[in-house]
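The values are calculated or read from the model by the stated rules, or taken from the named source; none is laboratory data. In this text the structure is predicted, and so the values were computed from the model without any measurement. So basically every Cβ, Gly included, is an ideal-geometry build from the backbone, and we count neighbours across all protein chains shown.
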Amino acid sequence: MESVCPVCLMRIPAQKKREGNQVYMEKTCPEHGNFRTLLWNGPPDYDDWARKRPPAALASCHAVPVKGCPYDCGICPDHRQNTCCVLLDVTERCNLLCPVCYASSASVSSLDPDLREIGEWMDMLMASGGPYNIQLSGGEPTMRDDIPQIIMLGKGKGFNFFQLNTNGLRMAREPGYVSELRDAGLNCVFLQFDGLRDEIYEKLRGRPLLEEKLKAIDRCAAAGIGVVLVPTVASGVNDGDIGDILNFAVKRMPAVRGVHFQPVSYFGRYPDWERKYITIPDMLRHIEKQTGGKMKIGDFKPGAAEDAYCSFNGSFLLRMDGTLKSFAVLKQPEKTAGGCCGDSARSREYVARRWSATPSSCCDDQNADPQSLEGFLERARKYTLAVSGMVFQDAWNLDLDRLKSCYIHVVSPDRRLIPFCAYNLTALGGKTLYRGRQREEGGPAPSKRRCQCAGV
């Protein structure tokens with residue numbers, strides 16, 4: 001296997017070493033020495049979590065490998081998975097200065113891309129196998145006043161699902177804003193939500209924010225917009241609050257559609273902490289223990305599209321008596337006609353279905369007894385909570401083989417599709433491979449190189 005040096009980002013050999021239930025990555029840079037990083041802290045057992053998935057026939061490629069992974073993303077023919085979710089970074093500005101920020105956002109930065117440029121990104125995506133699920137991100141995207149226009153632009157071009165990656169401050173402060181987004185076609189709010197104590201926000205975000213987070217959820221509920229709570233989980237900060245977050249989410253169904261945990265990764269901006277990784281098994285054990293067994297380790301499986309060691313997911317139906325029942329999770333990938341693996345497309349459909357809410361769902365009486373099969377199925381759709389987590393890779397634990405299966409991509413300013421972990425990869429001194437570099441350096445012209453991949 002191969003990784004990179006956390007100091008210089010040079011590609012170097014690496015190996016996995018098992019020690020009981022733990023798995024470590026060990027690697028050596030000729031110039032900067034040895035590195036050892038925890039990858040897996042089982043149980044569950046590392047090998048038992050693995051899942052075989054055949055490489056997908058890529059719908060489109062825009063880059064020709066010259067230096068090799070991770071330096072020629074775009075995506076290149078060596079990639080093994082089609083796109084599921086695409087992040088459009090519509091601004092680098094933010095109304096917070098969080099100590100933890102993968103985008104290193106600031107209050108003042110370069111000019112935002114205009115609607116014409118964003119429309120050209122969307123045209124490129126449609127020509128590259130779209131429509132995909134779109135996440136409007138940044139920075140804090142609501143710093144722009146034209147988010148509704150961006151959503152309407154995308155809907156007009158054929159994109160079906162839009163989610164807004166936001167800290168929720170504008171939603172909390174501005175009556176009518178969420179309704180405006182809903183009317184434009186927004187499907188889901190991907191809400192930064194680190195816990196139910198202001199001490200957590202002071203540590204991770206720089207100031208108390210809980211009141212504004214709760215207000216943002218209330219406004220989304222009133223407007224009928226689905227909310228996914230997105231906690232950044234840091235060891236010693238809020239890893240003991242996972243159960244409280246899940247219990248809160250259950251109480252706020254059906255407005256809250258899911259919880260998507262993101263254990264902290266060391267890229268972008270982060271405090272001078274000791275690097276302490278929270279692995280998938282750590283998260284699953286926290287969930288089982290802190291929910292009192294209402295959600296069990298065995299209720300979760302790896303995602304069906306990405307590498308098995310990237311994520312976990314499970315779904316839970318809220319019964320009429322207030323108890324939870326583990327629901328069906330994503331199935332194993334299957335071959336579709338023509339030999340192209342359809343797992344990425346099914347993942348897109350799963351996310352859109354689970355994370356969206358109907359305008360009436362937030363006003364329904366959850367104790368209403370369904371009188372028909374249709375009523376039962378509708379209630380099941382509204383009162384099923386999607387619980388998932390994504391363990392992103394940074395320069396210390398990057399596995400290039402795993403990176404090649406990434407299905408979360410970012411549109412770079414020069415109109416390439418970059419896997420999320422490669423786009424945000426940050427060396428110890430702050431050097432990046434992709435994020436911010438095109439604008440800082442003037443950037444190359446949009447690439448016209450294409451490879452002869454399936455579907456092109």
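Observations on the model:
- Y132 vs. criteria under 30 Å from N247 (Cβ atoms) and either in contact with a helix residue (DSSP H, G or I) (Cβ under 8 Å, 6 or more places away or on another chain) or of a type in the set (S, T, Y) (or both): no
- Selection count, segment 165-180, where residues are of a type in the set (A, V, I, L, M) and buried (at least 24 other Cβ atoms within 10 Å of the Cβ): 2
- Condition check for R415: modelled with pLDDT of 55 or more, touching an Asp or Glu at 6+ places or on another chain (Cβ under 6 Å) and basic (K, R): no
- Just one of the numbered conditions (1) of a type outside the set (F, W, Y); (2) surrounded by 22 or more Cβ atoms within 10 Å (Cβ to Cβ); (3) within 28 Å of R319 (Cβ to Cβ) is not true of L209: (3).
- Count of segment 406-431 residues which are in a strand (DSSP E or B) and either without any contact (Cβ under 8 Å) to a residue 24 or more places away in the chain or of a type in the set (D, E) (or both): 0
- Residue ranges of helices (runs of 4 or more DSSP H) in segment 110-200 with at least 1 members within 21 Å of C220 (Cα to Cα): 147-156, 169-173, 177-184
- Being of a type in the set (S, T, N, Q) and in contact with a Lys or Arg (Cβ under 6 Å, 6 or more places away or on another chain) holds for only one residue in S104, S128, and it is S104.
- Qualifying residues in segment 88-117 (those that are buried (at least 20 other Cβ atoms within 10 Å of the Cβ) and among the aliphatic types (A, V, I, L, M)) - the one farthest from V410 (Cα to Cα): V100
- Pick from segment 258-299, criterion aromatic (F, W, Y) and closer than 23 Å to D45 by Cβ, ranking: surrounded by the fewest Cβ atoms within 10 Å (Cβ to Cβ): Y277
- Filter result for A63 (in contact (Cβ under 8 Å) with a residue 60 or more places away in the chain and more than 18 Å from R415 (Cβ to Cβ)): no
- Within segment 33-48, tally of residues that are under 24 Å from P13 (Cα atoms) and touching a Pro at 6+ places or on another chain (Cβ under 8 Å): 3
- Hey, G303 of a type in the set (G, A, S), under 30 Å from G224 (Cα atoms), at pLDDT 60 or above and not in a helix (DSSP H, G or I) or not: yes
- Answer residue from segment 36-85, given it is closer than 19 Å to S3 by Cβ and among the aromatic types (F, W, Y) and is modelled with the lowest pLDDT among those: Y71
A quick yes/no check of all residues on (1) closer than 26 Å to I217 by Cβ; (2) free of Cβ contacts under 8 Å to residues at least 40 places away in the same chain:
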residue: T232; (1), (2): yes, no
residue: I245; (1), (2): yes, no
residue: A249; (1), (2): yes, no
residue: M253; (1), (2): yes, no
residue: G258; (1), (2): yes, no
residue: F267; (1), (2): no, no
residue: I280; (1), (2): no, no
residue: S311; (1), (2): yes, no
residue: R319; (1), (2): yes, yes
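Condition check ((1) over 23 Å from V86 (Cα atoms); (2) among the aromatic types (F, W, Y)) across all residues:
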site: L153; (1), (2): no, no
site: N167; (1), (2): no, no
site: F190; (1), (2): no, yes
site: R219; (1), (2): yes, no
site: P231; (1), (2): no, no
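- Qualifying residue in segment 372-384 (condition: surrounded by fewer than 20 Cβ atoms within 10 Å (Cβ to Cβ), in a loop (DSSP other than H, G, I, E, B) and either at pLDDT 70 or above or not hydrophobic (A, V, I, L, M, F, W, C) (or both)): yes
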